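Worksheet: the structure to be examined is printed underneath.
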Amino acid sequence: MKWLVVVAMVAAAALVSWNALYPYAFNHHARARALVWQAARTMHVNPWLLTAVIESESHFQLNAVSSRGAVGLMQIEPSTGQWVEARTHITGPVANPRTNVLIGAWYLRYLQDSFHGSVLMALAAYNGGPARVRQWVRNGDMRPQDGTARIPFGETRYFVTRVLGDYHRYLWIAKHFLASAASRRVTQLSGADGLR
């Protein structure tokens, strides 16, 4: 019986720790969570991957603006927003949370498709730019099978490492702590995103 109490205490401590480290999975407003899940479903992107990108890019700050002019939850640069809008039916101000997340989800899906489903390469391209990543691959500076270690730019290497770490932690949280059927289903299907 004592072991059951110990297990319960460890689980409660873990939940408090995860709650502090990953506020979206536990505390974020239901409307924002619904926005992310809707965009993920519409654009065929794993919602936990999308959440991990948002965590890294803006820390869930709706009005985040970078020194380069990237805006919103997914830190969309105006030129990227215009490029995506020209290829899709997504319209509206890039700073609008719904538009921002839809553009970011579409762009992430586009990058995954461009890099043969590789989440690692798509994330590197999301941060460093697809042309630059293609150049790294052509020059032999980066290969998906090498993981993050050979990403030439420190900022991009850090971004990809952080997002992948958060992504895997969100999957773990969803599997162990979140009871919704949708979360469990996404966790079970997440193998489809692979880290090729």
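Values computed for the structure shown
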item	result
All positions within region 111-131 that are more than 14 Å from the chain's Cα centre (by Cα), in a helix (DSSP H, G or I) and in contact (Cβ under 8 Å) with a residue 12 or more places away in the chain	S114, G128, P130
Residue in region 62-69 that is on the phi > 0 side of the Ramachandran plot and at pLDDT 95 or above present	no
Residue, surrounded by the fewest Cβ atoms within 10 Å (Cβ to Cβ), within region 112-159, restricted to residues that are hydrophobic (A, V, I, L, M, F, W, C) and in contact with a Gly (Cβ under 9 Å, 6 or more places away or on another chain)	F153
Selection status of R31, charged (D, E, K, R) and at pLDDT below 85	yes
Whichever residue in region 43-77 is polar (S, T, N, Q) and surrounded by 14 or more Cβ atoms within 10 Å (Cβ to Cβ) and, among such residues, is farthest from A122 (Cα to Cα)	S58
Odd one out for T80, checked against (1) buried (at least 21 other Cβ atoms within 10 Å of the Cβ); (2) in contact (Cβ under 8 Å) with a residue 24 or more places away in the chain	(1)
Residue check for Y158: out of contact with any strand residue (DSSP E or B) (no Cβ under 6 Å at 6 or more places or on another chain), in contact (Cβ under 8 Å) with a residue 40 or more places away in the chain and of a type in the set (S, T, Y)	no
Which numbered condition Y170 misses (of (1) modelled with pLDDT of 90 or more; (2) among the hydroxyl-bearing types (S, T, Y); (3) buried (at least 17 other Cβ atoms within 10 Å of the Cβ))	(1)
Region 63-96: number of residues that are in a loop (DSSP other than H, G, I, E, B), within 17 Å of P130 (Cβ to Cβ) and either in contact with a helix residue (DSSP H, G or I) (Cβ under 6 Å, 6 or more places away or on another chain) or of a type outside the set (K, R) (or both)	5
Contacts under 6 angstrom Cβ, first residue in region 51-70 being without any contact (Cβ under 8 Å) to a residue 24 or more places away in the chain, partner charged (D, E, K, R), 6 or more apart	A70/E77
Odd one out for G140 among (1) in contact with a helix residue (DSSP H, G or I) (Cβ under 8 Å, 6 or more places away or on another chain); (2) in a loop (DSSP other than H, G, I, E, B); (3) at pLDDT 90 or above	(1)
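The values are calculated or read from the model by the stated rules, or taken from the named source; none is laboratory data. Bear in mind the structure is a predicted one, so any value in this text is a computation, not a measurement. Here Cβ is always computed from backbone atoms with ideal geometry, including for glycine, and neighbour counts include all displayed protein chains.
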